[in-house]
Each structure stands twice: as C-alpha cells, then as structure tokens.
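Peer 1: What follows is a structure written as structure tokens; I'll ask about it next.
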Amino acid sequence: MHHMTLSKFIAGIAMLFTFNAATAQQQDLIRQQSCDISGYTSTIDSIKQFYGDRGFSLLREASMTMESEYEMPILMPMQQGTWYQFVFIGDPTSRLYEVRMYDYSEKEVFYKQNKWGDVDGNIINFDYVPKFTEMHMIKPVQVNKKKKKLCGYVMLFKRTAPAANSK
C-alpha cells in the first residue's frame, strides 16, 4: 500500500476545491463575485499609501459580493516568518463586522469583531507572522439589517522593505 504525501493530498484537495468552485460559480452557488467599490476607493487608496510607506507591498486585493450574516471564505498561501497585513473593508451601513483566520490545521489564529459606530468600524485590519508556510483561511462576515447583498473588499500586504523615513 503506497502512502500519499501530505503535499500531494493538499494539491488534490486544492484542485478539487478549484474545480468545484468553478462549477459552483457557473451555478451561482459560490458568490465570490466582484462588486461596486466606488464608495471605497479613497479609503482603499489611503490604506495602500499607509502600508506602502511602512515597507509593505500589496500581494492580493479583491472586491467580493457578500451576503449578510454569511462568511466568505478566502484561501491564502502564507510563508513562515513573513510579516503580513490583512485588511477587510465592509459596507459602511452594516452593523457588525467580523474576521476570523484559521491556519491549515483549522486552529483559529485571529479573531476581531467591530460594530457600527466604532472608529473605523467597517475596517478590520491585523498583522500576522505565520509559524509555518501553509494555506490559511480567512473568513470575513458582515451583518446588515437593511441589505442582503453587500460589498466587501480585502487586501493582503507583505512586508518587503524597511519603513520609509519615519521621524
């Protein structure tokens, strides 16, 4: 009996997930579709500027249609010892925002909840340095009483340079 290596197993699962997601997308089951971010652009630009000045490069960004009260899982590969910054921007009219992040063993490694009315309530950002090079799953969710369909925006930055002159 031959043993399947973990990496082959992960690759198989990833392919399966990708295939299923593509099939589901056609059936409109997984709704990771982009949405109108015109109301968020100045916030997005200032966040990019802020992290850029601190030596971070943007790795990934995406807008995504979200449904109120439903998590939108995002898979992100992360490298051991690398300093990441993750930013989630939710609809400003939502009353609750949460982001949870799990490592590959499904252990929760980050959790934050913001409420409407908090300073920058609709923005959750955190930094993270993984102990292992592996996939992480980030699950943002927002709760909105007035709208079922919401727009969310995510950005992942990686520290690539020392901070600009910070005197």
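The values are calculated or read from the model by the stated rules, or taken from the named source; none is laboratory data. In this text, all values refer to a predicted model and were calculated from it rather than measured experimentally. Every residue, glycine among them, receives a Cβ derived from its backbone with ideal geometry; neighbour counts consider all protein chains shown.
Peer 1: Could you check, for the stretch 116-123, whether at least one of its residues is buried (at least 16 other Cβ atoms within 10 Å of the Cβ), in contact (Cβ under 8 Å) with a residue 40 or more places away in the chain and not basic (Lys, Arg)? Even if it seems obvious, please write down each step before you answer.
Peer 2: Of the stretch 116-123, the ones buried (at least 16 other Cβ atoms within 10 Å of the Cβ) are 116, 121-123.
Now drop any that are not in contact (Cβ under 8 Å) with a residue 40 or more places away in the chain, which leaves 123.
Still in the running and not basic (Lys, Arg): 123.
Scanning the stretch 116-123 turns up at least one residue that is buried (at least 16 other Cβ atoms within 10 Å of the Cβ), in contact (Cβ under 8 Å) with a residue 40 or more places away in the chain and not basic (Lys, Arg).
Peer 1: Which ones in the stretch 77-103 are farther than 26 Å from Lys147 by Cα and surrounded by 17 or more Cβ atoms within 10 Å (Cβ to Cβ)?
Peer 2: Taking the stretch 77-103 as the starting set, the residues that turn out to be farther than 26 Å from Lys147 by Cα are 77-85, 102-103.
Met78, Tyr84, Gln85, Tyr102, Asp103 - these are the residues of the stretch 77-103 that are farther than 26 Å from Lys147 by Cα and surrounded by 17 or more Cβ atoms within 10 Å (Cβ to Cβ).
Peer 1: Restricting to the stretch 73-102, name every residue that is part of a loop (DSSP other than H, G, I, E, B) and under 19 Å from Phe157 (Cβ atoms). Break it down stepwise before answering.
Peer 2: Initial filter on the stretch 73-102 (part of a loop (DSSP other than H, G, I, E, B)): 73, 79-83, 90-95.
Gln79, Gln80, Gly81, Thr82, Trp83, Gly90 - these are the residues of the stretch 73-102 that are part of a loop (DSSP other than H, G, I, E, B) and under 19 Å from Phe157 (Cβ atoms).
Peer 1: Would you confirm whether any residue within the stretch 110-123 is in a strand (DSSP E or B), under 21 Å from Met64 (Cβ atoms) and aromatic (Phe, Trp, Tyr)?
Peer 2: Narrowing the stretch 110-123 to residues in a strand (DSSP E or B): 110-115, 123.
Add one more test, that the residue is under 21 Å from Met64 (Cβ atoms), and what stays is 110-114, 123.
Filter once more, keeping what is aromatic (Phe, Trp, Tyr): 110-111.
For the stretch 110-123, residues in a strand (DSSP E or B), under 21 Å from Met64 (Cβ atoms) and aromatic (Phe, Trp, Tyr): present.
Peer 1: Let me ask something else. Give just the number: which of (1) under 22 Å from Phe132 (Cα atoms); (2) modelled with pLDDT of 95 or more does Ala14 not satisfy?
Peer 2: (2)
Peer 1: Another question, then. Any residue at all in the stretch 49-64 that's in a loop (DSSP other than H, G, I, E, B) and within 26 Å of Pro162 (Cβ to Cβ)?
Peer 2: Going through the stretch 49-64, the residues in a loop (DSSP other than H, G, I, E, B) turn out to be 54-55.
Now restrict to residues that are within 26 Å of Pro162 (Cβ to Cβ): 54-55.
Within the stretch 49-64 (the criterion being in a loop (DSSP other than H, G, I, E, B) and within 26 Å of Pro162 (Cβ to Cβ)), the answer is yes, since at least one residue qualifies.
Peer 1: Let me ask something else about it. Can you pull out every residue in the stretch 94-113 that is among the polar types (S, T, N, Q) and in contact (Cβ under 8 Å) with a residue 24 or more places away in the chain? Spell out how you get there, then give the answer.
Peer 2: Taking the stretch 94-113 and keeping what is among the polar types (S, T, N, Q), we get 94, 105, 113.
The one that is among the polar types (S, T, N, Q) and in contact (Cβ under 8 Å) with a residue 24 or more places away in the chain: Ser94.
Peer 1: Let me ask something additional. For the stretch 124-167, name all the residues that are polar (S, T, N, Q) and assigned to a strand (DSSP E or B). Don't jump to the end; show me each part of the working.
Peer 2: Keep residues of the stretch 124-167 that are polar (S, T, N, Q), which gives 125, 133, 142, 144, 160, 165-166.
Matches in the stretch 124-167: Asn125, Gln142.
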